[in-house]
1. Restrict the check to the stretch 208-217 and report whether at least one residue is part of a helix (DSSP H, G or I), closer than 30 Å to Glu67 by Cα and touching a residue at least 60 places away in the same chain (Cβ under 8 Å).
2. Ile169: of a type in the set (Val, Ile, Thr) and within 30 Å of Glu67 (Cβ to Cβ), yes or no?
3. Check whether at least one residue in the stretch 193-201 is closer than 20 Å to Gln138 by Cβ, modelled with pLDDT under 90 and not in a helix (DSSP H, G or I), and report yes or no.
4. Taking Pro280 as the residue in question, decide whether it is under 26 Å from Ile221 (Cα atoms), assigned to a strand (DSSP E or B) and at pLDDT below 90.
5. Tell me, which residue of the stretch 342-359 that is assigned to a loop (DSSP other than H, G, I, E, B) and surrounded by 12 or more Cβ atoms within 10 Å (Cβ to Cβ) is farthest from the chain's Cα centre (by Cα)?
6. In this structure, does Asn299 turn out to be without any contact (Cβ under 8 Å) to a residue 12 or more places away in the chain and either of a type in the set (S, T, N, Q) or under 17 Å from Thr249 (Cα atoms) (or both)?
7. Do we have any residue at all in the stretch 219-235 that's surrounded by fewer than 21 Cβ atoms within 10 Å (Cβ to Cβ) and more than 29 Å from the chain's Cα centre (by Cα)?
8. Residues of the stretch 304-313 being over 17 Å from Pro280 (Cβ atoms) and surrounded by 13 or more Cβ atoms within 10 Å (Cβ to Cβ), which ones?
Amino acid sequence: MIQNIPQVAKARELYQKHQRWVPAGFFVLGFMFDTLMLRRIDELMTLLQQALYILISAALIGLELVESVREVNPPPVLRKVWRYRDDLLHFMLGTLLNSYTIFYFKSASALTSFLFIAFLVALLMMNEFKKFGKSQTQVRMMLLSLSLVSYLVSLVPIIWGRIGTFPFIVAIILSTLISNGYYRVMIKNLSRQSRLIKTHLILPFAAVQILFVLLYFARVIPPVPLAVHYMGIYHNVEKEKDEYKLSYTRSKWKFWQHGDQTFKTRAGDSVYCFAQVFSPSRFKDELQIRWLYKGEKGNWLAADAIPLPITGGREEGFRSVSKKSNFQPGEWRVQIETLDNREIGWIGFVVENDTSTDVREFKTELR
């Protein structure tokens with residue numbers, strides 16, 4: 001009856017006509033949905049959901065690996081969903097990769113970090129569109145390992161309340177211990193399949209683990225869970241009660257600028273950089289703000305880094321102001337870094353001498 005309804009038949013015909021574009025459409029819509037819905041990296045429900053997805057994915061991949069060797073009946077709790085395991089794994093691994101790509105993107109600033117994110121996007125697309133035949137389980141194990149390491153690399157600093165090399169090493173050790181426990185469970189079910197376990201479990205995880213360590217010490221991996229929500233350049237910044245009053249002279253048509261990124265300076269002026277840095281609740285650490293000037297040879301000349309203590313919990317980010325009174329015309333850059341010089345965010349601006357004697361009209365905004 002339903003099949004004979006004209007609208008249903010038309011919809012089916014439309015689907016068949018554009019079938020090859022359907023996965024791409026769902027990929028884009030899913031990514032946009034996650035981008036809008038994922039707000040804080042430290043939300044309890046988000047952390048619990050990710051942990052649950054990792055556990056279920058590990059169970060399904062393990063059963064799939066056992067099934068490839070011998071006929072096996074899934075546990076009663078999984079029998080109804082077993083026929084849909086491919087779709088379920090596809091959904092959960094895709095959601096996890098979506099989440100970590102978004103969080104890494106929010107924390108990224110340096111070009112090398114964006115190259116790492118491009119790599120994650122490539123994995124996302126591979127999970128959406130590519131079929132690997134006999135190697136499918138191996139690829140899924142690699143994606144699961146990447147999700148596990150990314151989860152712990154963000155979770156440990158959230159719990160610890162600090163970011164740095166030591167929390168990262170703790171996260172790597174924890175992921176190794178979890179992987180070892182998973183290996184012990186699998187070896188009991190595949191006791192005579194050491195080669196299979198090596199190629200489908202040990203090698204994918206080891207590859208991801210080694211890659212993460214190398215990229216971390218190469219300063220490629222963005223410093224999650226920190227993220228710069230806003231940076232702006234202003235002529236003056238004053239704190240009034242619980243808000244900051246930011247003064248600027250920018251014309252309205254330069255709507256893309258944050259404050260006065262074309263900074264017209266007169267005698268006695270100072271440059272203020274206002275920043276909002278997100279950090280998780282109960283987070284207490286120290287960053288640094290660095291001012292850089294572009295020299296005649298096109299190289300950036302760095303000044304001393306100014307300490308920036310931060311505390312977490314505020315939805316819009318921890319607010320901070322840095323002031324510079326000794327400066328000269330030219331191209332400038334202010335960047336926020338971790339103590340081991342990992343870039344979190346930056347803003348560029350140009351200083352120009354203002355020869356006008358007209359009275360300046362300052363506009364203000366509150367943050």
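The values are calculated or read from the model by the stated rules, or taken from the named source; none is laboratory data. Quick caveat: nothing in here was measured; it's all calculated off a predicted structure. Backbone-built Cβ (ideal geometry, glycine too); neighbour counts: all protein chains shown.
1. Yes, the conditions are met somewhere in the stretch 208-217.
2. Criteria not met by Ile169.
3. Yes - at least one qualifying residue is present in the stretch 193-201.
4. Working: under 26 Å from Ile221 (Cα atoms): yes; assigned to a strand (DSSP E or B): no; at pLDDT below 90: yes.
It is false that Pro280 is under 26 Å from Ile221 (Cα atoms), assigned to a strand (DSSP E or B) and at pLDDT below 90.
5. Pass one, the stretch 342-359, residues assigned to a loop (DSSP other than H, G, I, E, B): 342, 354-359.
Pick out the ones that are also surrounded by 12 or more Cβ atoms within 10 Å (Cβ to Cβ) and you get 342, 354.
Numbers: Arg342: 14, Asp354: 40 Å.
Looking at residues that are assigned to a loop (DSSP other than H, G, I, E, B) and surrounded by 12 or more Cβ atoms within 10 Å (Cβ to Cβ), I get Asp354.
6. On the way: without any contact (Cβ under 8 Å) to a residue 12 or more places away in the chain: yes; either of a type in the set (S, T, N, Q) or under 17 Å from Thr249 (Cα atoms) (or both): yes.
So Asn299 passes the test.
7. no
8. The initial filter retains those residues of the stretch 304-313 that are over 17 Å from Pro280 (Cβ atoms), namely 304-307.
Selection gives Ala305, Ile306.
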